[in-house]
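Participant: Here it is, the structure in full.
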Amino acid sequence: MTSYIISRPIAVIMSFTALIIFSVIAYLKLPISLLPDIDVPELAVRVDYPNTSPEAIEANVLAPIRQSLATMQDIRKIESVASNEAGMVKISFEYGARMDLAYVEANEKIDRLMDQFPREMERPQVLRVNSTDIPVVRVHVTPTNNRDLLEASKLTENVLRKRLEQIEGLSLVDINGLVFEEIQIEPNSERMRIYAITEDDILQSIQNANQELGGIQVKDGQYQYFLRMASRLVDTESIESIPIIKDGDYIELKEIASVRFASKKESGSHLLNGDNSIVLNLHKKSSTDMTLLLPKVKETLSVFEKDYPNISFTTTQDQSIFLKAGINNLLSSLFFGGFFAFAVLFIFMGNPKLPLIMGISLPCSLTISFLFFYFFGLSINIISLSGLALGLGMLIDNAIIVLENIHRKREEGKELIVACTEGVSEVKGALVSSVLTTLAVFVPLIFLNGISGVLFYDQALSVAIILTVSLGVAFILLPLLYKLFFSNFQVKGQTDSLFFKILVNKFNKIHKAVFSKPLIAFFVMLIILPFGYFAAMQLPVQGMPSINRTDLIVKINWQEPISLQENIRRTQQIIGNPKDGLLESDADIGIADYLLQISNASIQETVAYLNFNSTQSRNKNILSIKKEIDSKYPKANVNIEEAPNAFELLFSTSNPYINIKWRLPSSAKENLNDSLQQSFPVTDFEAGKSLVKETNIVINILNNKLLQYNIPQELLYKKLQYILTNYPVTNLKSFSKVTPIVLMESHDRTLSQLIANNIITTSSGVNYPLSTFVKIDYAQRPKHILADASGIYYNMIYNPSNKEENLEQNPTFQLSKIRNWIVENGLLAEIEGEYFSNQKNLQDLLFILLISIALLYFILAAQFESFWQPLIVIFSLPFGIAGAILFLWIGGATLNIMSAIGMVVMLGIMVNDAILKIDTINRNLSSGIQSNVQLTEAIHLAGIVRLKPILMTSITTILALCPVLIAGGLGAELQTPLVLSVMGGLIVGTGTALFLIPLVYYIVKRKFVQ
């Protein structure tokens, strides 16, 4: 096959040229995003019900929704949270469920329930969770004069949003912080009493004055017209002039009430650097190239700045930083890998043509890989790029092995075509086996449960693509290039460089020493394993590697029934105080208006984003912020977290580490939960949301007084609605603009004053003080009501800041105490949480790793035609892992996703070297063994033959990664654990391939000889 290929150079060159052209076209069509378009199997139903208690929302809205949605297929878990004025139902499905169909079905079920819901409540909103729901950037619109926020809101809603949505690639512009306009009518209680006018009279008069006839047609001769009532309500003056008729007399509305345009009562707000602002979260389409989208957004914003000089436009939380870091990492790996491969080949071979062949083959392999990306529907993202980076080391390894083997055949005096043919065929089986063994590690990982399995699909597929392409290039293009470059070049004997000859001399001495005392050498090599185990016990474990961030998130729950305005004042006070090195800050205060808002919030909560000019300033201010809040507002609950990025939002979970849930019978005493909480046996736990209480005002209706004065309850309820809420009257319509008209009481008066200064008028016209019929009390009521498919529950939770705290050290003992507490109190309870999910995931991972090892063994057994030789390769792997862990420990890194990826890269190269080493030994022994001396010589000869490619591969890989350790920036911080694990593993793995594997082979084989 190889001889046929190299005999047709033009056909091969044209074929590869065509492949590269098509690959470039495919690359230009590939979507570029931060993460794969992951269809997360979750739905959320958000409920907004102003002026409603958690109890009412749970009973009237959330319970029917849960009961209806619980009948959907593939549901894994359903839970709900009811809060003041809002509620949320979260539904988790099994992975593999059709979320598009589930979304449609959930909406249909909500539509069927609409008749059961309160009429004044808006339709609940069904939301899908998707990786593309993470905003790529946040744009802040801030008027230079805070008083112009209403005008800025109109501009944002009617102009800016539409112009941004016209940018190709944007799917949604999600807004928070808008201020809406309404017409407020504030009656004068004294004047109403004088004229004997009630709120019902005002309400009826305004509604009558704003009626429309609808679609009425009249005929006038041969013409036919549609009639339209010319509404008298066009502005505040027309409303003020509305006549109110009472007992035959009338007065104008302005005589008894004030009418004005004003901002609508808000439940949330947004600040930028302490000033009122509007924020736009920009979401991209799944197929959009993020690197091209962000420049278009910034270009549009520059146009806005020219068109609207009185408004500033600021961007924060740009998520493209991580994607750029991933692309730069791949490019730097390719550049340094190619450069050092060129240098190492030149130093070892002493011929500049071999590095030139490598310089042609590497970009070809990488470019052709993108064609297969297009065919398999992959996008260019952090996950697939990491797969390419993984395969890049193997790609260089394969190319070096093939080139070195062909060149060695030439040095042995063989003809050019024969050298190319034999050089490829000799290593073909070993290289195919090494690729299959690498895939044997990756492919089973796609069967992991949850998001990890979905993400590994992209990585495993990209690794399979680049390894397969690299084999094709190594077996087809490399021998052809070698033939073309060396067609007029005569190789005379050994052409090894002086440097390599020195290395061979050192190798011979060490090899002789090792095999003179094989058992002693073997046990000396084993020493590295306990050192690796010791280092592993010291290493902290985390998800993504720690990076030097300059930004953070401060989440504040004031734990007091404060108003939105007070929340804004407190937040401005905390954020507005001078902070050393603070560049920018923004805060979502109260209930946010985002369409894609999944989490529940309350008016008493704030989520602030702070960005500093350095990591030192950030760390310095973390303590000062907490100290300031604790000293001024001791009741406040403060959480300081890392600023969210796509990885954290995707991998983070809202589930407690350990969650103890119990239910109470309807006959249980109201204070039973208090006593249960006090008797809880483990002090590390804290009360969950369900046990948090807040002070509520309770208006008690004095029914005996209502009966005594013959006043219906409906009249009293309506009066309370008039004075305690902005009561909707009608809408003022002008073209497409709709302005609500509301009836309201003065906000300057307290609740006691409102009750004391208002009267209730009977149908007969008799007035009674409102305070006669109501009594005001204060009570502690639940702030949240939690429920699942079985109903309402209460919970205690454990969320350690460090997963190595005392509960984690002995969870079995602590959980047994909790189970005894459950039995003693006769509770219907269950224990769940992230701890148990992690245990299950760990068990799944161990099972999958066992499958990977079994696949590895099967492939190697088929390659070597032996049952014991694959065990030598598998036995060598812990040594590489120990070396990687030692380097991570010395370098102060952690065990994380990136270091794990580095270990996989390192193990792939180690397995490759081990396979080739054993394959060469087997070929040397193919004629049979007559003595131990012959066995030793065969092993030594294999060591000499494989010394050059093993050293070249290891040195090239290590040198290519060294620049990451001295570079700075986000990309280097993310890659450092990967680099340390690869370097440590390869340094140990190189010694393993050179000495341990042949030594174990010798010891085991010698037993068979004897």
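The values are calculated or read from the model by the stated rules, or taken from the named source; none is laboratory data. Just so it is clear, the structure is predicted and the values come from calculations on it, not from any experiment. Virtual Cβ from ideal backbone geometry, glycine too; neighbours counted across all protein chains shown. Accessible surface areas use protein heavy atoms only, side chains included; no ligands, DNA or RNA. Shrake-Rupley method; radii C 1.70, N 1.55, O 1.52, S 1.80 Å.
Participant: What are the pairs, 6+ residues apart or on separate chains, where a residue within the range 336-352 that is modelled with pLDDT of 65 or more and part of a loop (DSSP other than H, G, I, E, B) has its Cβ under 9 Å from a residue that is buried (at least 20 other Cβ atoms within 10 Å of the Cβ) and charged (D, E, K, R)?
Facilitator: Nothing qualifies.
Participant: Another one. Can you name the residue in the range 74-126 that is closer than 25 Å to Gln604 by Cα and among the basic types (Lys, Arg) and is also most open to solvent (accessible area, probe 1.4 Å) among such residues?
Facilitator: Top of the filtered list is Arg123.
Participant: In the range 638-690, what residues are at pLDDT below 80 and of a type in the set (Gly, Ala, Ser)?
Facilitator: Passing the criteria: Ala643, Ala646, Ser652, Ser654, Ser666, Ser667, Ala668.
Participant: Could you list, in sequence order, all residues of the range 617-639 that are closer than 15 Å to Thr571 by Cα and touching a strand residue (DSSP E or B) at 6+ places or on another chain (Cβ under 8 Å)?
Facilitator: Hits for the range 617-639 are Ile625, Lys626, Ile629, Asp630, Ala636, Asn637, Val638, Asn639.
So that you can scan it fast, the table gives a plain yes or no per residue for (1) assigned to a helix (DSSP H, G or I); (2) open to solvent by 60 Å² or more (accessible area, probe 1.4 Å); (3) closer than 23 Å to Glu642 by Cα; (4) of a type in the set (Gly, Ala, Ser):
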{"residue": "Lys254", "(1), (2), (3), (4)": "yes, yes, no, no"}
{"residue": "Phe261", "(1), (2), (3), (4)": "no, yes, no, no"}
{"residue": "His270", "(1), (2), (3), (4)": "no, no, yes, no"}
{"residue": "Asn281", "(1), (2), (3), (4)": "no, no, yes, no"}
{"residue": "Thr288", "(1), (2), (3), (4)": "no, no, no, no"}
{"residue": "Lys296", "(1), (2), (3), (4)": "yes, yes, no, no"}
{"residue": "Glu305", "(1), (2), (3), (4)": "yes, yes, no, no"}
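Participant: Can you name every one of the strands (runs of 3 or more DSSP E) wholly within the range 690-804 that holds 1 or more residues which are closer than 30 Å to Ile242 by Cβ?
Facilitator: Working: elements: 693-701, 727-734, 737-743, 759-761, 767-769, 774-782, 785-788, 791-798.
Output list reads 727-734, 737-743, 759-761, 767-769.
Participant: Does the range 630-637 contain at least one residue that is loosely packed, with under 13 Cβ neighbours inside 10 Å, of a type in the set (Asp, Glu) and modelled with pLDDT of 80 or more? Spell out the reasoning first.
Facilitator: Within the range 630-637, the first condition is being loosely packed, with under 13 Cβ neighbours inside 10 Å, and the residues that meet it are 630-632, 634-635.
If we keep only those that are of a type in the set (Asp, Glu) as well, we get 630.
Now drop any that are not modelled with pLDDT of 80 or more, which leaves 630.
Checking the range 630-637: at least one residue is loosely packed, with under 13 Cβ neighbours inside 10 Å, of a type in the set (Asp, Glu) and modelled with pLDDT of 80 or more.
Participant: I need every pair where a residue in the range 638-649 that is among the aromatic types (Phe, Trp, Tyr) and in a helix (DSSP H, G or I) has its Cβ under 7 Å from the Cβ of a residue that is at pLDDT below 75 and surrounded by 16 or more Cβ atoms within 10 Å (Cβ to Cβ), sequence separation at least 6 or different chains.
Facilitator: Pairs found: Phe647/Met544.
Participant: In the range 9-64, which residues are hydrophobic (A, V, I, L, M, F, W, C), without any contact (Cβ under 8 Å) to a residue 40 or more places away in the chain and more than 30 Å from Glu85 (Cα to Cα)?
Facilitator: If the condition is that a residue be hydrophobic (A, V, I, L, M, F, W, C), without any contact (Cβ under 8 Å) to a residue 40 or more places away in the chain and more than 30 Å from Glu85 (Cα to Cα), then Ile10, Ala11, Met14, Ala18, Ile21, Ile25, Leu28 are the ones that fit.
Participant: Only residues in the range 208-224 that are part of a strand (DSSP E or B) count as the first member; pair them with residues that are modelled with pLDDT of 75 or more and not aromatic (Phe, Trp, Tyr), Cβ under 7 angstrom, at least 6 apart or cross-chain, and list the lot.
Facilitator: Listed pairs, sorted by first residue: Gln217/Gln224.
Participant: Within the range 590-612, how many residues turn out to be closer than 17 Å to Val139 by Cα and either open to solvent by less than 20 Å² (accessible area, probe 1.4 Å) or among the aromatic types (Phe, Trp, Tyr) (or both)?
Facilitator: 5
Participant: Quick one: how many residues across the range 48-76 are within 20 Å of Val692 (Cβ to Cβ) and either among the charged types (D, E, K, R) or not assigned by the TED database to the domain that holds Val126 (or both)?
Facilitator: So the count comes out to 2.
Participant: Mind checking which pairs have a first residue in the range 489-517 that is over 17 Å from Lys409 (Cα atoms) and a second that is modelled with pLDDT under 70 and open to solvent by 100 Å² or more (accessible area, probe 1.4 Å), Cβ under 9 Å, 6 or more apart or different chains?
Facilitator: Lys501/Gln494
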